[in-house]
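Undergrad: Input: one structure, supplied below.
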Amino acid sequence: MLKGIPGILSPELMKILMEMGHGDEIVLADRNFPAASNAKRLIRLDGHGIPELLQAILRFFPIDTYVEEPVKLMAVAPGKGENPEIWKTYRRMLDAAQEGVGMGFLERMAFYDRARGAYAIIATSEPAPYANIILAKGEVVSDV
């Protein structure tokens, strides 16, 4: 056990976050996402939602600053409603963690294609529709 690490970040997940390099992507997937059939590396966090997971990850995970949109969301399908409320939550969390993080949108099948290339997919129990999010890892800058 270590001090200061949120309990939602399992040892397996911390290992994945540590292994990832600059530009590698991780997917935080909602309960409807086909995570097992698309993942190179699958981490299950059943019983947890994406906002609590994202909050914990952002304490340790720098978002890429070399690309315009290092965060990708699954776009709402035409005729399937408005932008989900959870996106506002993500925006607030990203703004609090790191200034100027760009968010982009991918059509559902393009999102699945992108997810297949991700370093890992984390399967959650998040019930909100269109809650899937891809994060590109940035550089860890140290003055040590």
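Undergrad: Would you indicate which of (i) 8.9; (ii) 11.4; (iii) 10.3 is the value of mean projected area of the Cα convex hull in nm² derived from the coordinates of this structure?
TA: Only one listed value fits the structure, namely (i).
Undergrad: Give, in nm to one decimal, the length gained when the segment between residue 105 and residue 60 is fully stretched (0.36 nm per residue of separation minus the Cα-Cα distance).
TA: Net length gain for the segment: 13.8 nm.
Undergrad: With every protein chain kept in the model, how would you rank 72, 88, 3 by accessible area, 1.4 Å probe, largest at the top?
TA: Of 72, 88, 3, the descending order of accessible area is 3, 88, 72.
Undergrad: Using a 1.4 angstrom probe and counting only protein chains, how large is the accessible area of residue 15 in Å², to 10?
TA: 120
Undergrad: For residue 2 and residue 69, compute 0.36 nm times the residue count separating them, minus their Cα-Cα distance, and round to one decimal in nm.
TA: 20.8 nm
Undergrad: Could you order 31, 41 by accessible surface area, starting with the largest, using a probe radius of 1.4 Å?
TA: 31, 41
Undergrad: Round to the nearest 10 and report in Å² the accessible area of residue 92, as given by a 1.4 Å probe over the protein chains' heavy atoms.
TA: 150
Undergrad: Please report, in debye to the nearest 20, how large the charge dipole of the chain is about its Cα centre when each Lys and Arg carries +1 at its beta carbon and each Asp and Glu carries -1 there.
TA: 400
Undergrad: Of 8, 36, 103, which is farthest along the charge dipole of the chain in the positive direction, counting Lys and Arg as +1 and Asp and Glu as -1 at C-beta?
TA: Checking the options against the dipole of the chain, the answer is 36.
Undergrad: Then there's this: Please work out the FRET efficiency for the pair residue 142 and residue 82, using the Cβ-Cβ distance as r and a Förster radius of 35 Å; give the result to the nearest 0.05.
TA: The pair residue 142/residue 82 has a calculated efficiency of 0.25.
Undergrad: Next question, about the same structure. Of all DSSP beta bridges located in the chain, what percent are antiparallel, nearest 5?
TA: Roughly 40 percent of the beta bridges in the chain run antiparallel, per DSSP.
Undergrad: Roll a 1.4 Å probe over the protein heavy atoms and report the accessible area of residue 95 in Å², nearest 10.
TA: Around 80 Å² of this residue is reachable by solvent.
The values are calculated or read from the model by the stated rules, or taken from the named source; none is laboratory data. Quick caveat: nothing in here was measured; it's all calculated off a predicted structure. Neighbour counts are summed over all protein chains in view; Cβ atoms, including those assigned to glycine, are modelled from backbone coordinates with ideal geometry. To get the accessible areas, we keep the full protein, side chains included, count just its heavy atoms, and leave off ligands, DNA and RNA. Shrake-Rupley method; radii C 1.70, N 1.55, O 1.52, S 1.80 Å.
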